[in-house]
Amino acid sequence: MDIAKSNIVKSTAGRDAGKFFFVLETQGDFLLLADGKTRRVETPKRKRQKHVTLVGESHSLVAEKIRSGEKITNSELRKAIAAISGGNQDQEG
């Protein structure tokens, strides 16, 4: 399991278990995760790789922005995750 920047992962441990996140950065065995709602871009969640499952690579505009280092908004993250998870995440925020 090789998780890279801009991949989409699902948390398997902790109080956020079952939620989807974008990987903003990798730091050795740790990942910096954000979903735009509970974990915003400004303060990403630091989580070990063994506590997440790789959902897949995203080829969305948001993923391209993450890979290229462009600034992304929390709203963009929420919309991209909602599209991937079937739209069951709340769009408010």
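The values are calculated or read from the model by the stated rules, or taken from the named source; none is laboratory data. For clarity, every value in this text was computed on a predicted model and none was experimentally measured. Cβ sites come from the backbone with ideal geometry, for glycine too, and all protein chains shown count toward neighbours. Heavy atoms of the whole protein, side chains included, go into the accessibility calculation; ligands, DNA and RNA do not. Shrake-Rupley method; radii C 1.70, N 1.55, O 1.52, S 1.80 Å.
Against the globular-protein guess of 2.2 N^0.38 Å, express the Cα radius of gyration of the chain as a ratio, rounded to two decimals. If you can, show how the numbers build up before the last one.
Values: Rg = 11.7 Å, N = 93, 2.2 N^0.38 = 12.3 Å.
Here the answer is 0.95, to two decimals.
With every protein chain present, what is the per residue accessible area of the chain (1.4 Å probe, Å²)?
Details: 5340 Å² over 93 residues.
With all protein chains present, the chain gives 57 Å² per residue.
Counting other Cβ atoms within 10 Å, which GluC sites (Glu not before Pro) in segment 10-93 have at most 15 and lie in a DSSP loop?
On the way: sites: 25, 42, 57, 64, 70, 76, 92; in loops: 42, 70, 92.
Listed in order of number, the matching sites are 42, 70, 92.
Which residues make up the longest stretch of the chain clear of trypsin sites (Lys or Arg not before Pro) that lie in a DSSP loop with no more than 14 other Cβ atoms within 10 Å, not counting the sites? Walk me through the numbers on the way to the answer.
Details: sites that count: 15, 71.
Longest gap between qualifying sites, sites excluded: 16-70.
Over segment 24-93, what percent of the accessible surface lies on carbon and sulfur atoms, probe 1.4 Å? It would help to have the intermediate numbers written out before the result.
On the way: 1990 of 4200 Å².
Using a 1.4 Å probe with all protein chains present, segment 24-93 comes out at 47 percent carbon and sulfur.
Go through 80, 69, 49 and say which Cα lies farthest out towards the positive end of the charge dipole of the chain; charges sit on Cβ, +1 for Lys and Arg, -1 for Asp and Glu.
Of the options given, the answer is 49.
Once you have the Cα-Cα distance between residue 51 and residue 13, take 0.36 nm times their residue separation minus that, and quote the gain in nm to one decimal. Mind showing how you got there, number by number?
On the way: separation 38, 0.36 × 38 = 13.68 nm, distance 0.54 nm.
Between residue 51 and residue 13, full extension yields 13.1 nm more.
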